[in-house]
Amino acid sequence: MRRPDVRGYGVIGLCLVVVAVVGVVVVRAVGGNGSVTLLANWSGGDETLFRQQVIQPFEAEEHIHVLYQGSSAESQVLDADAEAGAPPDIAVLPGPGELADYASKGQLAPLDGLIDGKDFNAPWARKVDGPRGEGAHYYWLPIKTDLKSAVWYPKGMTAGQRTAAAAAPGSWCLGMVSGATSGWPATDWIEDILLQQAGPAVYQQWAGGRLRWTDARVARAWRTWGDMVGAGQAAYVRPAVTRAYDVVSRTAAGGGAACTLEHQSSFIRADAGWANGADPKRSDADFVHSADLIPGADSAQDAWEVSGDLAAMLHDTPQARKLISYLARPEVQQKWSLSQSAFSADRAVRTSAYGADPVSLAAARTLDSPGTVRCYDASDAMPAVMRDAFELAALRYLAEPTSLEHQLTILDGVRKRRTMVWLPKVCGGGTG
(Lines give C-alpha, C1' and ligand atoms only; values in the text may rest on other atoms or scores of the structure.)
Protein backbone atom coordinates (compact mmCIF):
# COMPACT_ATOMS: atom_id res chain seq x y z
CA MET A 1 0.00 0.00 0.00
CA ARG A 2 1.31 3.42 -0.91
CA ARG A 3 2.24 5.59 2.03
CA PRO A 4 0.30 8.89 2.24
CA ASP A 5 2.19 12.13 1.80
CA VAL A 6 1.98 13.59 5.29
CA ARG A 7 3.64 16.78 4.08
CA GLY A 8 0.48 17.62 2.11
CA TYR A 9 -1.69 17.14 5.16
CA GLY A 10 0.60 19.44 7.12
CA VAL A 11 0.17 22.22 4.56
CA ILE A 12 -3.60 21.76 4.50
CA GLY A 13 -3.74 21.83 8.30
CA LEU A 14 -1.77 25.04 8.43
CA CYS A 15 -4.13 26.65 5.88
CA LEU A 16 -7.16 25.66 7.95
CA VAL A 17 -5.63 27.18 11.06
CA VAL A 18 -4.96 30.44 9.17
CA VAL A 19 -8.54 30.52 7.80
CA ALA A 20 -9.95 29.88 11.27
CA VAL A 21 -7.89 32.69 12.79
CA VAL A 22 -8.90 35.12 10.04
CA GLY A 23 -12.55 34.12 10.54
CA VAL A 24 -12.35 34.89 14.25
CA VAL A 25 -10.83 38.29 13.49
CA VAL A 26 -13.64 39.09 11.01
CA VAL A 27 -16.38 38.04 13.44
CA ARG A 28 -14.81 40.06 16.24
CA ALA A 29 -14.51 43.08 13.95
CA VAL A 30 -18.18 42.89 12.94
CA GLY A 31 -19.59 41.93 16.34
CA GLY A 32 -17.11 43.61 18.63
CA ASN A 33 -19.94 45.41 20.42
CA GLY A 34 -22.17 42.37 20.76
CA SER A 35 -25.09 41.10 18.69
CA VAL A 36 -28.81 41.56 18.13
CA THR A 37 -31.36 39.05 16.84
CA LEU A 38 -33.92 40.16 14.27
CA LEU A 39 -36.99 38.36 12.87
CA ALA A 40 -38.71 39.64 9.72
CA ASN A 41 -40.73 38.29 6.80
CA TRP A 42 -38.12 39.00 4.12
CA SER A 43 -36.51 35.99 2.48
CA GLY A 44 -34.86 35.29 -0.87
CA GLY A 45 -34.13 38.43 -2.84
CA ASP A 46 -35.80 40.65 -0.23
CA GLU A 47 -33.53 39.24 2.46
CA THR A 48 -30.48 39.86 0.28
CA LEU A 49 -31.55 43.48 -0.21
CA PHE A 50 -32.19 43.95 3.50
CA ARG A 51 -28.76 42.57 4.33
CA GLN A 52 -27.07 44.79 1.75
CA GLN A 53 -29.06 47.98 2.32
CA VAL A 54 -29.56 47.86 6.08
CA ILE A 55 -27.75 45.13 8.01
CA GLN A 56 -24.26 45.40 6.51
CA PRO A 57 -24.00 49.21 6.83
CA PHE A 58 -25.29 48.97 10.43
CA GLU A 59 -22.76 46.27 11.32
CA ALA A 60 -19.93 48.28 9.75
CA GLU A 61 -20.92 51.43 11.64
CA GLU A 62 -21.77 50.02 15.07
CA HIS A 63 -19.71 46.79 15.08
CA ILE A 64 -22.82 44.94 16.25
CA HIS A 65 -23.52 41.60 14.61
CA VAL A 66 -27.13 41.14 13.38
CA LEU A 67 -28.41 37.57 13.58
CA TYR A 68 -31.20 37.67 11.01
CA GLN A 69 -34.04 35.17 10.60
CA GLY A 70 -36.41 35.53 7.66
CA SER A 71 -39.73 33.68 7.58
CA SER A 72 -42.93 34.01 5.58
CA ALA A 73 -44.72 32.64 8.68
CA GLU A 74 -43.16 35.14 11.08
CA SER A 75 -46.30 35.56 13.20
CA GLN A 76 -46.34 31.84 13.94
CA VAL A 77 -42.57 31.78 14.53
CA LEU A 78 -42.71 34.74 16.90
CA ASP A 79 -45.67 33.29 18.79
CA ALA A 80 -43.84 29.99 19.27
CA ASP A 81 -40.61 31.72 20.31
CA ALA A 82 -42.46 33.96 22.76
CA GLU A 83 -44.26 30.97 24.28
CA ALA A 84 -40.90 29.24 24.71
CA GLY A 85 -39.48 32.34 26.38
CA ALA A 86 -36.92 32.93 23.63
CA PRO A 87 -38.22 35.67 21.32
CA PRO A 88 -35.85 37.68 19.11
CA ASP A 89 -34.57 41.06 20.28
CA ILE A 90 -36.43 42.82 17.45
CA ALA A 91 -39.30 41.62 15.27
CA VAL A 92 -40.71 43.27 12.15
CA LEU A 93 -44.41 42.60 11.59
CA PRO A 94 -47.12 44.14 9.38
CA GLY A 95 -49.76 43.90 12.11
CA PRO A 96 -50.14 46.64 14.75
CA GLY A 97 -53.00 44.61 16.20
CA GLU A 98 -50.68 41.70 16.88
CA LEU A 99 -48.03 44.01 18.35
CA ALA A 100 -50.60 45.74 20.57
CA ASP A 101 -51.38 42.35 22.10
CA TYR A 102 -47.70 41.74 22.87
CA ALA A 103 -47.48 45.24 24.37
CA SER A 104 -50.49 44.62 26.63
CA LYS A 105 -48.74 41.55 28.02
CA GLY A 106 -45.57 43.47 28.78
CA GLN A 107 -43.62 41.63 26.08
CA LEU A 108 -42.57 44.77 24.15
CA ALA A 109 -40.17 47.45 25.31
CA PRO A 110 -41.37 51.06 24.84
CA LEU A 111 -39.56 53.03 22.14
CA ASP A 112 -40.12 56.42 23.77
CA GLY A 113 -36.84 58.30 23.57
CA LEU A 114 -35.71 56.25 20.56
CA ILE A 115 -38.31 57.61 18.15
CA ASP A 116 -40.66 60.56 18.04
CA GLY A 117 -44.06 59.59 16.66
CA LYS A 118 -44.54 63.16 15.45
CA ASP A 119 -41.87 62.49 12.83
CA PHE A 120 -44.15 59.99 11.10
CA ASN A 121 -47.43 60.27 9.23
CA ALA A 122 -50.54 58.81 10.82
CA PRO A 123 -51.66 56.08 11.21
CA TRP A 124 -48.31 54.22 11.27
CA ALA A 125 -46.91 55.66 14.51
CA ARG A 126 -49.35 55.84 17.40
CA LYS A 127 -49.11 55.36 21.15
CA VAL A 128 -50.95 52.36 22.57
CA ASP A 129 -51.54 51.07 26.08
CA GLY A 130 -48.96 48.80 27.64
CA PRO A 131 -49.50 46.56 30.67
CA ARG A 132 -52.09 47.75 33.16
CA GLY A 133 -51.02 50.94 34.91
CA GLU A 134 -48.06 51.73 32.66
CA GLY A 135 -49.85 54.15 30.34
CA ALA A 136 -49.48 54.58 26.59
CA HIS A 137 -46.17 54.39 24.74
CA TYR A 138 -44.75 54.06 21.25
CA TYR A 139 -44.13 50.37 20.80
CA TRP A 140 -43.30 50.12 17.11
CA LEU A 141 -41.42 51.95 14.40
CA PRO A 142 -42.70 52.06 10.79
CA ILE A 143 -39.80 51.22 8.49
CA LYS A 144 -41.65 50.67 5.21
CA THR A 145 -45.15 51.60 4.05
CA ASP A 146 -47.37 50.76 1.11
CA LEU A 147 -50.47 52.17 -0.55
CA LYS A 148 -53.53 49.98 -0.89
CA SER A 149 -56.98 50.89 -2.31
CA ALA A 150 -55.30 50.74 -5.72
CA VAL A 151 -56.41 49.01 -8.91
CA TRP A 152 -53.61 48.46 -11.42
CA TYR A 153 -54.21 48.54 -15.17
CA PRO A 154 -52.32 49.05 -18.46
CA LYS A 155 -52.07 52.77 -19.20
CA GLY A 156 -53.70 52.27 -22.57
CA MET A 157 -57.06 51.51 -20.92
CA THR A 158 -59.50 54.41 -20.90
CA ALA A 159 -61.76 55.18 -17.94
CA GLY A 160 -64.69 53.67 -19.84
CA GLN A 161 -62.76 50.48 -20.58
CA ARG A 162 -61.76 50.16 -16.92
CA THR A 163 -65.36 50.55 -15.82
CA ALA A 164 -66.52 47.90 -18.28
CA ALA A 165 -63.73 45.52 -17.26
CA ALA A 166 -64.51 45.98 -13.57
CA ALA A 167 -68.02 44.63 -14.18
CA ALA A 168 -66.64 41.40 -15.69
CA PRO A 169 -65.31 38.90 -13.10
CA GLY A 170 -62.84 37.44 -15.59
CA SER A 171 -61.07 40.80 -15.84
CA TRP A 172 -59.75 40.60 -12.28
CA CYS A 173 -56.33 39.05 -11.65
CA LEU A 174 -56.97 37.01 -8.53
CA GLY A 175 -54.67 34.77 -6.49
CA MET A 176 -55.39 33.78 -2.89
CA VAL A 177 -52.42 31.56 -2.02
CA SER A 178 -49.75 33.01 0.30
CA GLY A 179 -48.45 30.21 2.50
CA ALA A 180 -49.53 30.48 6.14
CA THR A 181 -51.36 33.74 5.41
CA SER A 182 -53.41 32.59 2.41
CA GLY A 183 -56.60 34.59 2.02
CA TRP A 184 -55.24 38.06 2.75
CA PRO A 185 -55.83 39.27 -0.84
CA ALA A 186 -59.52 38.58 -0.19
CA THR A 187 -59.57 40.43 3.13
CA ASP A 188 -57.81 43.38 1.49
CA TRP A 189 -60.63 43.56 -1.02
CA ILE A 190 -63.45 43.37 1.54
CA GLU A 191 -61.82 45.91 3.87
CA ASP A 192 -61.29 48.36 1.05
CA ILE A 193 -64.84 48.04 -0.23
CA LEU A 194 -66.23 48.74 3.24
CA LEU A 195 -63.97 51.80 3.53
CA GLN A 196 -65.05 53.17 0.15
CA GLN A 197 -68.76 52.45 0.62
CA ALA A 198 -69.29 53.24 4.31
CA GLY A 199 -66.47 55.70 5.04
CA PRO A 200 -63.61 55.93 7.57
CA ALA A 201 -65.80 56.32 10.69
CA VAL A 202 -67.63 53.03 10.08
CA TYR A 203 -64.36 51.37 9.01
CA GLN A 204 -62.72 52.41 12.29
CA GLN A 205 -65.59 51.05 14.36
CA TRP A 206 -65.37 47.73 12.55
CA ALA A 207 -61.57 47.43 12.58
CA GLY A 208 -61.62 48.31 16.29
CA GLY A 209 -64.09 45.58 17.19
CA ARG A 210 -66.97 47.97 17.91
CA LEU A 211 -69.17 47.06 14.93
CA ARG A 212 -70.91 43.73 14.42
CA TRP A 213 -69.75 41.64 11.49
CA THR A 214 -73.41 40.99 10.77
CA ASP A 215 -74.02 44.73 10.29
CA ALA A 216 -75.72 45.40 6.95
CA ARG A 217 -72.87 47.63 5.77
CA VAL A 218 -70.29 44.93 6.41
CA ALA A 219 -72.42 42.30 4.67
CA ARG A 220 -72.87 44.64 1.71
CA ALA A 221 -69.09 44.93 1.30
CA TRP A 222 -68.76 41.14 1.18
CA ARG A 223 -71.53 40.79 -1.39
CA THR A 224 -70.08 43.57 -3.54
CA TRP A 225 -66.73 41.79 -3.63
CA GLY A 226 -68.40 38.46 -4.42
CA ASP A 227 -70.29 39.98 -7.35
CA MET A 228 -67.17 41.69 -8.70
CA VAL A 229 -64.92 38.60 -8.72
CA GLY A 230 -67.51 35.89 -9.45
CA ALA A 231 -67.76 34.19 -6.05
CA GLY A 232 -69.21 30.71 -6.32
CA GLN A 233 -68.44 30.37 -10.03
CA ALA A 234 -65.93 27.58 -10.58
CA ALA A 235 -64.37 29.24 -13.62
CA TYR A 236 -63.17 32.10 -11.42
CA VAL A 237 -62.91 30.47 -8.00
CA ARG A 238 -60.81 27.41 -8.87
CA PRO A 239 -57.89 29.38 -10.36
CA ALA A 240 -58.06 31.98 -7.58
CA VAL A 241 -57.80 29.52 -4.67
CA THR A 242 -54.98 27.51 -6.27
CA ARG A 243 -52.72 30.32 -7.52
CA ALA A 244 -50.22 32.34 -5.51
CA TYR A 245 -50.93 36.06 -5.44
CA ASP A 246 -47.42 36.97 -6.63
CA VAL A 247 -47.48 34.44 -9.49
CA VAL A 248 -50.72 36.00 -10.72
CA SER A 249 -49.11 39.43 -10.57
CA ARG A 250 -46.05 38.28 -12.50
CA THR A 251 -48.29 36.75 -15.15
CA ALA A 252 -50.18 40.00 -15.47
CA ALA A 253 -46.91 41.94 -15.58
CA GLY A 254 -45.74 39.77 -18.45
CA GLY A 255 -48.65 40.92 -20.55
CA GLY A 256 -49.95 37.43 -21.31
CA ALA A 257 -52.79 37.25 -18.81
CA ALA A 258 -56.44 37.40 -19.82
CA CYS A 259 -57.12 39.54 -16.75
CA THR A 260 -56.50 43.26 -17.07
CA LEU A 261 -57.24 44.67 -13.58
CA GLU A 262 -55.59 43.87 -10.26
CA HIS A 263 -56.58 45.14 -6.83
CA GLN A 264 -53.29 45.09 -5.00
CA SER A 265 -50.92 46.96 -2.71
CA SER A 266 -48.13 49.05 -4.16
CA PHE A 267 -45.60 46.48 -2.94
CA ILE A 268 -46.62 44.24 -5.82
CA ARG A 269 -44.48 46.38 -8.09
CA ALA A 270 -41.38 44.91 -6.44
CA ASP A 271 -42.77 41.36 -6.22
CA ALA A 272 -43.77 41.35 -9.87
CA GLY A 273 -40.48 42.85 -11.02
CA TRP A 274 -41.91 45.74 -13.00
CA ALA A 275 -41.18 48.67 -10.70
CA ASN A 276 -39.73 51.76 -12.32
CA GLY A 277 -39.91 50.16 -15.74
CA ALA A 278 -37.72 47.18 -14.79
CA ASP A 279 -39.94 45.02 -16.98
CA PRO A 280 -40.61 46.86 -20.25
CA LYS A 281 -43.69 44.72 -20.87
CA ARG A 282 -45.38 46.31 -17.85
CA SER A 283 -43.52 49.58 -17.42
CA ASP A 284 -46.57 51.49 -18.61
CA ALA A 285 -48.80 50.23 -15.78
CA ASP A 286 -50.69 52.75 -13.68
CA PHE A 287 -53.20 52.67 -10.85
CA VAL A 288 -56.54 54.26 -10.12
CA HIS A 289 -58.28 54.76 -6.79
CA SER A 290 -60.39 51.66 -6.15
CA ALA A 291 -63.35 53.91 -5.34
CA ASP A 292 -63.57 54.70 -9.05
CA LEU A 293 -64.45 51.06 -9.78
CA ILE A 294 -66.25 49.83 -6.66
CA PRO A 295 -70.07 49.91 -6.96
CA GLY A 296 -71.62 52.22 -4.39
CA ALA A 297 -68.32 53.85 -3.41
CA ASP A 298 -68.08 57.51 -2.38
CA SER A 299 -65.08 58.67 -4.42
CA ALA A 300 -65.27 62.18 -2.95
CA GLN A 301 -64.05 61.14 0.51
CA ASP A 302 -60.43 60.45 -0.61
CA ALA A 303 -59.86 57.60 1.85
CA TRP A 304 -57.13 55.04 1.22
CA GLU A 305 -56.24 51.80 2.91
CA VAL A 306 -52.54 51.53 3.77
CA SER A 307 -50.15 49.03 5.32
CA GLY A 308 -46.59 48.87 6.59
CA ASP A 309 -43.78 46.92 8.21
CA LEU A 310 -43.35 47.77 11.88
CA ALA A 311 -40.25 47.09 13.99
CA ALA A 312 -40.77 46.33 17.68
CA MET A 313 -38.29 45.63 20.47
CA LEU A 314 -38.84 42.55 22.63
CA HIS A 315 -35.55 42.78 24.53
CA ASP A 316 -34.32 46.17 25.70
CA THR A 317 -30.59 45.78 25.13
CA PRO A 318 -28.03 48.40 24.07
CA GLN A 319 -27.61 46.59 20.75
CA ALA A 320 -31.36 46.48 20.09
CA ARG A 321 -31.71 50.17 20.93
CA LYS A 322 -28.89 50.99 18.51
CA LEU A 323 -30.62 49.08 15.71
CA ILE A 324 -34.01 50.70 16.35
CA SER A 325 -32.39 54.15 16.33
CA TYR A 326 -30.61 53.26 13.09
CA LEU A 327 -33.83 52.09 11.42
CA ALA A 328 -35.49 55.38 12.42
CA ARG A 329 -33.00 57.52 10.52
CA PRO A 330 -34.55 59.26 7.48
CA GLU A 331 -31.66 58.26 5.21
CA VAL A 332 -32.02 54.60 6.21
CA GLN A 333 -35.80 54.78 5.81
CA GLN A 334 -35.36 56.26 2.35
CA LYS A 335 -32.73 53.78 1.17
CA TRP A 336 -34.63 50.71 2.37
CA SER A 337 -38.04 51.82 1.09
CA LEU A 338 -36.63 52.75 -2.32
CA SER A 339 -34.88 49.39 -2.67
CA GLN A 340 -38.27 47.74 -2.06
CA SER A 341 -40.23 50.00 -4.41
CA ALA A 342 -42.04 51.06 -1.25
CA PHE A 343 -42.35 54.26 0.75
CA SER A 344 -41.45 55.75 4.11
CA ALA A 345 -43.85 57.25 6.65
CA ASP A 346 -41.06 59.55 7.85
CA ARG A 347 -42.00 63.15 7.10
CA ALA A 348 -38.33 63.97 6.55
CA VAL A 349 -38.28 61.74 3.44
CA ARG A 350 -39.60 63.99 0.70
CA THR A 351 -41.66 62.69 -2.20
CA SER A 352 -38.95 63.97 -4.55
CA ALA A 353 -36.77 61.13 -3.25
CA TYR A 354 -38.82 58.68 -5.30
CA GLY A 355 -37.50 60.00 -8.59
CA ALA A 356 -39.29 61.05 -11.73
CA ASP A 357 -41.45 57.95 -12.19
CA PRO A 358 -45.01 59.40 -12.22
CA VAL A 359 -46.55 56.26 -10.72
CA SER A 360 -44.18 56.25 -7.74
CA LEU A 361 -44.67 59.97 -7.25
CA ALA A 362 -48.46 59.64 -7.32
CA ALA A 363 -48.37 56.92 -4.67
CA ALA A 364 -45.87 58.83 -2.52
CA ARG A 365 -47.94 62.01 -2.65
CA THR A 366 -51.08 60.12 -1.65
CA LEU A 367 -49.29 58.57 1.32
CA ASP A 368 -47.83 61.91 2.39
CA SER A 369 -50.75 64.26 1.72
CA PRO A 370 -52.22 65.84 4.88
CA GLY A 371 -55.63 65.94 3.16
CA THR A 372 -55.76 62.19 2.56
CA VAL A 373 -57.49 59.94 5.08
CA ARG A 374 -55.25 56.89 5.55
CA CYS A 375 -56.73 53.82 7.26
CA TYR A 376 -54.52 50.93 8.28
CA ASP A 377 -55.22 47.53 6.75
CA ALA A 378 -58.07 46.39 9.01
CA SER A 379 -57.11 42.72 9.29
CA ASP A 380 -53.52 43.71 10.17
CA ALA A 381 -54.90 46.06 12.83
CA MET A 382 -57.18 43.38 14.28
CA PRO A 383 -56.08 40.83 16.89
CA ALA A 384 -54.32 37.85 15.29
CA VAL A 385 -57.16 35.44 16.11
CA MET A 386 -59.68 37.73 14.41
CA ARG A 387 -57.40 38.24 11.40
CA ASP A 388 -56.91 34.51 10.90
CA ALA A 389 -60.64 33.80 11.17
CA PHE A 390 -61.34 36.59 8.67
CA GLU A 391 -58.93 35.13 6.10
CA LEU A 392 -60.47 31.67 6.40
CA ALA A 393 -64.04 32.99 6.17
CA ALA A 394 -63.19 35.03 3.06
CA LEU A 395 -61.89 31.93 1.28
CA ARG A 396 -64.98 29.97 2.26
CA TYR A 397 -67.25 32.75 1.04
CA LEU A 398 -65.39 32.95 -2.28
CA ALA A 399 -66.11 29.26 -2.85
CA GLU A 400 -69.65 29.28 -1.45
CA PRO A 401 -71.23 32.76 -1.29
CA THR A 402 -74.53 31.37 0.04
CA SER A 403 -72.72 30.76 3.34
CA LEU A 404 -72.21 34.49 4.00
CA GLU A 405 -74.67 34.84 6.87
CA HIS A 406 -73.18 31.81 8.60
CA GLN A 407 -69.61 33.06 8.10
CA LEU A 408 -70.42 36.52 9.46
CA THR A 409 -72.14 35.04 12.51
CA ILE A 410 -69.03 32.99 13.24
CA LEU A 411 -66.80 36.03 12.85
CA ASP A 412 -68.97 38.07 15.19
CA GLY A 413 -68.64 35.31 17.76
CA VAL A 414 -64.86 35.64 17.54
CA ARG A 415 -65.16 39.44 17.90
CA LYS A 416 -67.00 39.07 21.21
CA ARG A 417 -64.17 37.21 22.93
CA ARG A 418 -63.07 39.27 25.91
CA THR A 419 -59.40 38.33 25.86
CA MET A 420 -58.50 40.21 22.67
CA VAL A 421 -56.81 43.61 22.43
CA TRP A 422 -58.24 46.02 19.85
CA LEU A 423 -56.77 49.27 18.57
CA PRO A 424 -59.15 52.17 19.25
CA LYS A 425 -58.06 54.11 16.15
CA VAL A 426 -56.69 52.91 12.81
CA CYS A 427 -57.23 55.97 10.57
CA GLY A 428 -55.26 59.18 10.38
CA GLY A 429 -54.65 62.20 8.18
CA GLY A 430 -57.38 64.31 6.65
CA THR A 431 -60.20 64.57 9.15
CA GLY A 432 -59.42 61.11 10.57
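The values are calculated or read from the model by the stated rules, or taken from the named source; none is laboratory data. Worth saying up front: this structure is predicted, and the values here are computed from it rather than measured. A quick note on method: Cβ atoms are made from the backbone with ideal geometry, for glycine too, and the neighbour counts reach across all protein chains shown. All accessible areas refer to the heavy atoms of the entire protein, side chains included, with ligands and DNA or RNA removed. Shrake-Rupley method; radii C 1.70, N 1.55, O 1.52, S 1.80 Å.
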*How big is the accessible area of Arg321 in square angstrom, nearest 10, if you roll a 1.4 angstrom probe over the protein chains?*
90
*May I ask you to list the lysines whose Cα is less than 23 Å away from that of Lys322, ignoring any residue fewer than eight positions away on the same chain?*
Lys118, Lys127, Lys144, Lys335
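When the Cα atoms of the chain are enclosed in a convex hull and the volume is divided per residue, what value in Å³ results?
Details: hull volume 83.2 nm³, N = 432.
For the chain, the hull spanned by Cα atoms encloses 193 Å³ per residue.
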*Mind giving me the nanometre distance, one decimal, between the label points for Asp227 and Arg365, set 7 Å out from Cα along Cα→Cβ?*
3.3
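What number in nm² do you get for the range 297-351 if you take the convex hull of its Cα atoms and divide its surface by four?
On the way: hull surface 22.8 nm².
Mean projected area for the range 297-351: 5.7 nm², to one decimal.
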*Springs between alpha-carbon atoms under 10 Å, Gaussian network over the chain: tell me which of Gly413, Gly226, Gly208 tops the mean-square fluctuations.*
Gly413
*Nearby lysines by direct alpha-carbon distance to Lys416 (threshold 22 angstrom, same-chain neighbours under 8 apart not counted)*: Lys105, Lys425
*For the residue pair Thr158 and Val385, what label-to-label distance in nm results when each label sits 7 Å from Cα along the Cα-to-beta-carbon direction?*
5.4
_the chain: calculated mean residue ellipticity at 222 nm from DSSP helix runs of at least 4, using -39500 (n - 2.57)_ = -13000 deg cm²/dmol
_Unit charges at the beta carbon, dipole of the chain: most positive-side option, Leu261, Ala84, Ala378_ = Ala84
*R0 = 30 Å: FRET efficiency of Asp316 with Ala180, Cβ-based, nearest 0.05?*
0.55
*Hey, what did the chain get for relative contact order, percent, Cα under 8 Å, at least 6 apart?*
25
*asked:* For the range 167-228, take every pair of Cα atoms, bin their distances at 5 Å starting from 0, and report each bin as a whole percent.
replied: 4, 17, 24, 23, 16, 13, 3, 0
*asked:* Taking 0.36 nm per residue of sequence separation and subtracting the Cα-Cα distance, how much length would be gained by fully extending the chain between Glu134 and Lys425, in nm to one decimal?
replied: 102.8 nm
*Estimated inter-spin distance, Asp46 and Arg347, nm [label 7 Å along Cα→Cβ]*: 2.9
*Taking H placed 1.01 Å from N in the peptide plane, check which residues at least 5 places from Val373 or on another chain put their amide H under 5 Å from its amide H.*
Trp304
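Using a 1.4 angstrom probe with every protein chain in place, what is the largest-first accessible-area order of Lys148, Lys155?
Numbers: Lys148 15, Lys155 95 Å².
Correct descending sequence by accessible area is Lys155, Lys148.
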_With angles folded into 0 to 90 degrees, how steeply does helix 74-83 sit against the dominant principal axis of the chain? Use alpha carbons for both and round to 10._
60
*Would you mind putting 110-118, 61-69, 332-340 in packing order, based on average other-beta-carbon counts within 10 Å, highest first?*
332-340, 61-69, 110-118
*Carbon/sulfur fraction of accessible area - the chain, other protein chains in place, 1.4 Å, %*: 54
*Roughly how many Å² is the accessible area per residue of the chain, as a whole number, for a 1.4 Å probe?*
43
*Would you please classify the overall shape of the range 310-398 from the alpha carbon gyration tensor, given that a ≥ b ≥ c denote the square roots of the eigenvalues, rounded means a/c under 1.5, and beyond that prolate means a/b larger than b/c while oblate covers the rest?*
oblate
_Nearest-ten-degree value, helix 318-327 long axis tilted from longest Cα axis of the chain_ = 50
